[in-house]
Amino acid sequence: MTHIAFPEARPLVARMPAKGWCPGAHRPMASGDGLLMRIRPQLARLTSEQATGLCELAQRMGSGLIDLTNRANLQLRGVRACDHEAVIDALCRLGLLDPDATRERWPAILVAPCWQAGDDIERIATELAARLGELPVLPPKFGFAVDAGPAPVLGAASADVRIERGISGGLIVRADGALAGRPVTRADAVNAALAMATWFAATGGSAESASTRMKQHLATHTPPHHLRPLEQPAASAVLPTPGMSKLGRVYGIAFGQIEATALVRLLQDTGATAMRLTPNRALILEGGACRESSDFLTQADDPLLHIDACPGAPSCASATVTTRDVARDIARDITQGIARKATDTPRTLHISGCPKGCARAQPADITLVGRYGRFDVVRNGNASDTPSHTSLSPHALRSLIGAL
């Protein structure tokens, strides 16, 4: 491969701040293609009737596209302001939204996707959801993870208070960023999680302070004795990837964006009774037959599974570059072996249309950041970090990815 000369890094203009809140359904966010409405299905699960109804709604009152986020939420895109109330009514009828708008501002609960009825995950998450109203006001992005399966699988997902399996096999409640958690019984798990969140708020954690997330807060605050960590979490396991799982067939979604027509077709072809959402942007279909689909990722080694890319321009008004065409080009190069390391180890790639980095909260091996129609490159970091190379064309990027 012929290596190209890269320009020296130079000072950048001030980075664009991220929004301090995520869109909801009652409180949507304006984007380049209309209103963005986020739906948080209970236990990250929809029946086939709910999923089909949501797809019909996306086609009739949206752009026909549905996003699956890295918090296992769904987003309707392209909703017109004049249709907002009608969409709210339809979501309530489907059982995908509480009519009480105040509940939407309560913290999100992320659940490990392979829960079974009556197990620790299902019972704890259900109780926690019913008691969120006991909490003080918390920052908009504050959230919980209920990761109480045989081994934690949500370590890379965004959460502030984690209920997970400890190294002894019992349950622990762990503040995000802490190396260990507090052992609890299933009966006490929710009480301990609520106490941790209440301590966070009582000691200055808020949307207005420097501590908007638990990991930041722990850098300057020590939990009280009854919340001190004592036990490490169990060794992590992996989230389901395309192929078969104990619940059913897993389908990956490139960049987390689904065409509503394709999802309806998949549900009809498989006869699935329900679907679950995962924070690695995949669907688990419950029941039904296995079917191949060119609209979804069906192979566990597909390079698109390791690429996060936001909608980019023109869908997002903050973006100055297209992102997903670039991502597909790079994935094609990886498949052909052009941009694969000698070790053949998958690398994470994040392509962001602007410095906010909405598509990925965790650092990536390589992050490409749109700026004034060209791309900056960040190694082992986030979109807001200092780049190693700046102002590259898409063509130069493809050569660079192979050289890194």
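Laboratory data are not the source of any read-out in this text; all were calculated from the coordinates shown. Since the model is a prediction, treat every value here as computed from it, not as a measurement. We place every Cβ from the backbone using ideal geometry, glycine too, and count neighbours over all the protein chains shown.
For D325 and T102, what is the calculated FRET efficiency with R₀ set at 45 Å and r taken between the beta-carbons, to the nearest 0.05?
0.65
So how far apart, in nm, are the two label points at T220 and C92 if each is 7 Å from Cα heading toward Cβ?
It works out to 4.1 nm between the two label points.
Note the per residue figure in Å³ for the convex hull of the C-alpha positions in the chain. Could the numbers behind the result be given before it?
Working: hull volume 57.9 nm³, N = 404.
Enclosed volume per residue, from the Cα hull, is 143 Å³.
Tabulate in residue order the Karplus-calculated ³J(HN,Hα) for region 370-386, using 6.51 cos²θ - 1.76 cosθ + 1.60 with θ = phi - 60°, rounded to whole Hz; enter x for Gly and Pro.
In residue order, the calculated couplings are x, 8, 6, x, 10, 10, 9, 10, 10, 9, 6, x, 9, 5, 8, 7, 5 Hz.
May I ask what percent, to the nearest 5, of DSSP beta bridges between residues of the chain are antiparallel? Provide the component values of the computation, followed by the final result.
Details: 46 of 61 bridges.
Counting DSSP beta bridges with both partners in the chain, the antiparallel share is about 75 percent.
Specify the residue with the greatest mean-square fluctuation among R162, R360, R131, computed from a Gaussian network of the chain linking alpha-carbon atoms under 10 Å apart.
Greatest mean-square fluctuation among the candidates belongs to R131.
Compare A317, A364, A112 in a GNM of the chain, Cα atoms joined below 10 Å, and give the one with the largest fluctuation.
Of A317, A364, A112, the most mobile in the Gaussian network model is A317.
I need the Debye-formula profile for region 174-320: one equal scatterer per C-alpha, no solvent, reported as log10 I(q)/I(0) at q = 0.11, 0.12, 0.17, 0.19 1/Å, two decimals.
With no solvent term, the Cα-only Debye profile gives -0.69, -0.78, -0.97, -1.01.
Place a point 7 Å from the Cα of T126 along the Cα-to-Cβ direction; which residues of region 277-293 have their backbone N under 14 Å from it?
Taking a point 7 Å out along Cα→Cβ of T126, no residue of region 277-293 has its backbone N under 14 Å.
How many nm is it between the label spots at E56 and Q42, if each spot is 7 Å from the Cα in line with the beta carbon?
With each label point 7 Å from Cα toward Cβ, the separation is 2.2 nm.
Under 37 °C and 0.692 mPa s, how fast does region 249-404 diffuse according to Stokes-Einstein, given a Kirkwood radius computed over C-alpha pairs? Answer in µm²/s, whole number.
Working: Rh = 16.4 Å.
Once the numbers are plugged in, D ends up at 201 µm²/s.
Given R₀ = 22 Å, FRET efficiency for E208-A317 by Cβ-Cβ distance, to 0.05?
Working: r = 26 Å, r/R0 = 1.18.
Once the sixth-power term is evaluated, E becomes 0.25.
Once Rh for region 114-227 is found with the Kirkwood sum over Cα pairs, what is the Stokes-Einstein diffusion coefficient at 20 °C and 1.002 mPa s, in µm²/s? Write down the numbers at each step before the final one.
Working: Rh = 14.2 Å.
Reported coefficient: 151 µm²/s.
If you stretched the chain out fully between T386 and A30, how much longer would it get, using 0.36 nm times the residue separation minus the C-alpha to C-alpha distance? It would help to have the intermediate numbers written out before the result.
On the way: separation 356, 0.36 × 356 = 128.16 nm, distance 2.84 nm.
Residue separation times 0.36 nm, minus the Cα-Cα distance, leaves 125.3 nm.
Calculate, for D301 and I167, the FRET efficiency according to 1/(1 + (r/R0)^6) with r their C-beta to C-beta distance and R0 35 Å; round to the nearest 0.05. Please report the intermediate quantities before stating the final value.
Details: r = 31 Å, r/R0 = 0.89.
It comes to 0.65.
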